1. For Trp274 and Glu57, what does the FRET efficiency come to when R0 = 30 Å and r is the distance between their Cβ atoms, rounded to the nearest 0.05?
2. For Asn334 and Ala23, compute 0.36 nm times the residue count separating them, minus their Cα-Cα distance, and round to one decimal in nm.
3. Using a 7 Å offset from Cα along Cα-Cβ at Leu44, what residues in segment 233-271 end up with backbone N under 14 Å from the label point?
4. Nearest 0.05, what FRET efficiency do Thr235 and Ser319 give at R0 = 45 Å with Cβ-Cβ as r?
5. Roughly what would the spin-label model give for Gln127 and Leu289, points 7 Å off Cα along C-beta, in nm?
6. Which one, Leu194, Ser221, Gly12, projects farthest toward the positive side of the charge dipole computed for the chain from Cβ point charges (K/R +1, D/E -1)?
7. Add +1 for every Lys or Arg and -1 for every Asp or Glu among the other residues with Cβ under 12 Å from the Cβ of Ala265, and state the total.
8. With 10 angstrom as the radius, rank Cys149, Cys196 by how many other C-beta atoms surround their C-beta, starting from the fewest.
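Quick note: the coordinates plus some simple rules give every number you see, no bench work behind them. Computed from a predicted structure; not experimentally measured. Because the Cβ atoms are built from the backbone with ideal geometry, glycine has one as well, and the counts that use them run over all protein chains shown.
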Amino acid sequence: EELGEKLILFSGNDYMGLSSHPAVREAAAKAAQEYGMGPRGSALICGYTTYHKLVEESLAELKKKEDCLLCPTGFSANMAVMTALGSISSLLAVGRKPAKDERIAIFSDALNHASIIDGIRLIERQQEAVVFVYKHCDMSHLDFLLSSCSIEKKVVVTDSLFSMDGDFAPLPELVELRRKYGFLLVIDDAHGTLVCGDNGGGVPELLECESGIDISVGTLSKAAGCQGGFVACSTRWKSLIQSRGRSFIFSTALPVPVVASVQAALHVSRKERWRRSLVWRHVQYFASLTKLNITSPIISIVVGSEEAALRAGRHMLRSGFHVTPIRPPTVPPNSCR
């Protein structure tokens, strides 16, 4: 089927157009000319450079955390955090499987990202964690599960901005529950980083609860327009993840040109704040145009069946818009969008 020469892309994650920004392109090209891809090895062997260190420092400052760990992808960052948390049980139960009450209790939102779910499943299979899934953004259900759990070490993990529905986790309420129960609060701020908050600090900055977040995971492949993932946290948590997060330990570090481009993207985000403001003006405009209840740059229009979603996608292509249909297993059956 013939399509027009150009399509308007509505399916990507490059929220602020930084992937093609001249400064980002120039930084990558300059680093590649000077260093090639850089040392090819894991960060713990030879892959960690001054470029990586500078990006970690910039991200720690952005997220208002003591330290940061740069990872190959956002997926590997979440996996590293989950496996490191699970390892605490094994470290305390030397030479044996931890008893049930010695394991970590992990409370996970029902609609969390696949990387969180896969990490949790792994440590659950290794008998390092007991997992509780609470109804999507339902703080009453989470409160009930927390109050009913006798396990001492508790972790709550949630996406901050959910990628399939575009709704925000109730972070201020989660922070209140954290004060009540003393759990570790971990968020995946993949879609909030650089997009939300006056400084691009993410959903916690937008909702004014940054100090209540213990570990903030993110990606550099969305609003940053580059590649990679990160974990912003305390230096102690970073040390544990470095030594126990297998997806970090056994992965080759990001190439130097990629890391250089990330640093440039972070700089542009600080200097060209109008890009972030423009995203939110577009959100407001689209909401007024469609009369839909839209609260974020992620706009989900549920059409039901796979056939209906594919038909809608083809119609949008013919009309000059690239809007990819989302189907199972990404979303449940009959909730295609």
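1. 0.75
2. Stretched fully, the Asn334-Ala23 segment lengthens by 107.6 nm.
3. 238-253
4. Working: r = 51 Å, r/R0 = 1.14.
The formula returns an efficiency of 0.30 here.
5. For the pair Gln127/Leu289, the computed spacing is 5.7 nm.
6. It is Ser221, whose Cα lies furthest towards the positive end.
7. Working: positive: Arg25, Lys222, Arg270, Lys271, Arg275; negative: Asp14, Glu26, Glu272.
Its environment carries a net charge of +2.
8. Numbers: Cys149 15, Cys196 26.
Ranked by crowding around the Cβ, least crowded first: Cys149, Cys196.
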